[in-house]
Amino acid sequence: MSDAEFVSRHLHPGDDLSSFSSDQPSLDEWLRQSAHHAESIRSGRTWVWTQDGSVVAYFTLAGHVIERHDLPQRIGRGSPDRIPAVLIARLALHRDLHGQGLGGALLADASRRIIVAAEIVAARFVVVDVTGDEAASFYTHYGYRPIPGTRRLVRKVSDLAHDFRSA
């Protein structure tokens, strides 16, 4: 199954989210209970993948700021004290899609949207806060760098854009 079989679009108010299950209860509950509210107060934008009308994956993006002193010097060098960023607040696939390599495609979808947004509103980094080693390994595989002593990983928007131009 390829990502071409899915429709990627912004979350709609009438979307039925009740059957979404990623096997990560906190991600499932957030989608069902908080995604529409985050949209309404403009604290997060959620995109979904649908297949046959059902939501099978989603990610949520939000504006963010990183304090330069929280970054290793080699990453934060040359940046202002407060660095504009985009937070990947949530990213999840329905459990039936696990193990098919679609997590990378979903991350690529989010990354393309971040690159476009950063052409309009400046952002130097993409930030993700992970809850476990599996998620950390996933993002590290795609070029995200861990911030020592935290569960936070970052990647430069310019590096994402370079990867997409090179592909």
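The values are calculated or read from the model by the stated rules, or taken from the named source; none is laboratory data. Just so you know, these numbers come straight off a predicted model, no measurement behind them. Ideal geometry is used to build each Cβ from the backbone, glycine not excepted, and the neighbour counts take in all protein chains shown.
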Among 68, 32, 45, 77, which is without any contact (Cβ under 8 Å) to a residue 60 or more places away in the chain, on the phi < 0 side of the Ramachandran plot and in contact with a His (Cβ under 8 Å, 6 or more places away or on another chain)?
-> 45
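Restricting attention to segment 13-44, and to residues there that are of a type in the set (Ser, Thr, Tyr) and under 17 Å from the mean Cα position of the chain (by Cα), which single residue is surrounded by the most Cβ atoms within 10 Å (Cβ to Cβ)?
It comes out as 22.
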Looking at segment 109-117, is at least one residue under 24 Å from residue 73 (Cβ atoms) and either modelled with pLDDT of 95 or more or crowded, with 20+ Cβ neighbours inside 10 Å (or both)?
-> no
So which strands (runs of 3 or more DSSP E) are wholly in segment 1-91 and hold at least 3 residues that are at pLDDT 95 or above?
-> 45-51, 54-67
Residue satisfying condition, being closer than 29 Å to residue 21 by Cα and surrounded by fewer than 15 Cβ atoms within 10 Å (Cβ to Cβ), within set 69, 141, 162, 64 | 141
Here are 143, 99: which of them is assigned to a loop (DSSP other than H, G, I, E, B), of a type in the set (Gly, Ala, Ser) and modelled with pLDDT of 95 or more?
-> 143
Filter segment 95-105 for residues that are over 16 Å from residue 155 (Cα atoms), out of contact with any strand residue (DSSP E or B) (no Cβ under 9 Å at 6 or more places or on another chain) and without any contact (Cβ under 8 Å) to a residue 40 or more places away in the chain; the one that is surrounded by the fewest Cβ atoms within 10 Å (Cβ to Cβ) is 99
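For segment 106-126, how many residues are part of a helix (DSSP H, G or I) and in contact with a strand residue (DSSP E or B) (Cβ under 9 Å, 6 or more places away or on another chain)?
Adding up the residues that qualify gives 9.
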